[in-house]
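Notes follow once the structure below has been shown.
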Amino acid sequence: GIVSPYGQRYVTYGKPKLESQASLNLNSVFEIGSVTKTFTALLLADMVVKGEVKLDDPIALYLPKEVKVPQRNGKQITLLDLATHRAGFPRNIDGYPKQHPVPTYAGLTVAEMYDYLSRYQLPRDIGEDAEYSNLGMGLLGHVLSLRAGESFETLVKKRITDPLGMKQTAITMTPEMLANNTQG
């Protein structure tokens, strides 16, 4: 999309699906994948500004007491550690993402995530080094949802997509969005 003093326009190239004769258009829907991490970080920033959380809050503060959050050398994992990929978590949980025909975390339950956390041994000190972690960022979204008492989807809608007028951005797609879904 192009926005300039002369107005707005968009340029596309390609087809929505390999077998399609149609071209991409303004209503084409794309999976944003890891861009979701940006939404998670925006939610964290919003909650910090509103005084709902602090960056140095230990995540254990918001998780159920029975969840054993890994620690190392007496240091607890904080919201900031998750947001900056410095908690010491791996990129993914073993066996995830599943291939369905594209990688997905669909099917990973909260109980499985809690079980993984309770068993995981950190390989290095918290904050020592950064390692891109889908697990860590997903956990951050989950913790923020618990703190807010709302689902991640509701938080994103209420605090980001609705205020910004992002009507074609959603976690649960509408039938119209599904009809315009593109193949990556």
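The conditions of being more than 25 Å from residue 171 (Cβ to Cβ), basic (Lys, Arg) and assigned to a loop (DSSP other than H, G, I, E, B) are met by residue 54.
For residue 32, the criteria (1) more than 30 Å from residue 159 (Cα to Cα); (2) open to solvent by 40 Å² or more (accessible area, probe 1.4 Å) hold in every case but one, which is (1). Out of the residues in the range 148-184 that are closer than 30 Å to residue 18 by Cβ and acidic (Asp, Glu), which is surrounded by the most Cβ atoms within 10 Å (Cβ to Cβ)? Within the range 148-184, the match that is surrounded by the most Cβ atoms within 10 Å (Cβ to Cβ) is 153. The set of residues in the range 14-29 that are more than 23 Å from residue 172 (Cβ to Cβ) and hydrophobic (A, V, I, L, M, F, W, C) comprises 18, 22. Against the conditions (1) in contact with a strand residue (DSSP E or B) (Cβ under 9 Å, 6 or more places away or on another chain); (2) modelled with pLDDT of 95 or more; (3) outside any loop (DSSP other than H, G, I, E, B), residue 126 satisfies every one except (3). Selection within the range 129-147: residues that are in a loop (DSSP other than H, G, I, E, B) and of a type outside the set (Asp, Glu). The member of this set that is most open to solvent (accessible area, probe 1.4 Å) is 132. Restricted to the range 87-114, and to residues there that are closer than 18 Å to residue 61 by Cα and surrounded by 14 or more Cβ atoms within 10 Å (Cβ to Cβ), the residue that is modelled with the lowest pLDDT is 113. Sort out which residues of the range 1-24 are among the charged types (D, E, K, R) and either in contact with a helix residue (DSSP H, G or I) (Cβ under 8 Å, 6 or more places away or on another chain) or within 19 Å of residue 178 (Cβ to Cβ) (or both), and write them in order of number. Matches in the range 1-24: 15, 17, 19. On the basis of being within 13 Å of residue 141 (Cα to Cα) and small (Gly, Ala, Ser), does residue 87 make the cut? Judged against the criteria, residue 87 is not a match. Here residue 64 passes the criteria (1) touching a helix residue (DSSP H, G or I) at 6+ places or on another chain (Cβ under 6 Å); (2) open to solvent by less than 60 Å² (accessible area, probe 1.4 Å) except the one numbered (1). Of the listed requirements (1) β-branched (Val, Ile, Thr); (2) out of contact with any strand residue (DSSP E or B) (no Cβ under 9 Å at 6 or more places or on another chain); (3) in a loop (DSSP other than H, G, I, E, B), residue 38 misses just one: (3).
Hey, among the residues in the range 57-74 that are free of Cβ contacts under 8 Å to residues at least 24 places away in the same chain and in a helix (DSSP H, G or I), which one's nearest to residue 117 (Cα to Cα)? My answer is 60.
The values are calculated or read from the model by the stated rules, or taken from the named source; none is laboratory data. For clarity, every value in this text was computed on a predicted model and none was experimentally measured. Because the Cβ atoms are built from the backbone with ideal geometry, glycine has one as well, and the counts that use them run over all protein chains shown. Accessible surface is based on the protein model in full, side chains and every heavy atom, while ligands, DNA and RNA are left aside. Shrake-Rupley method; radii C 1.70, N 1.55, O 1.52, S 1.80 Å.
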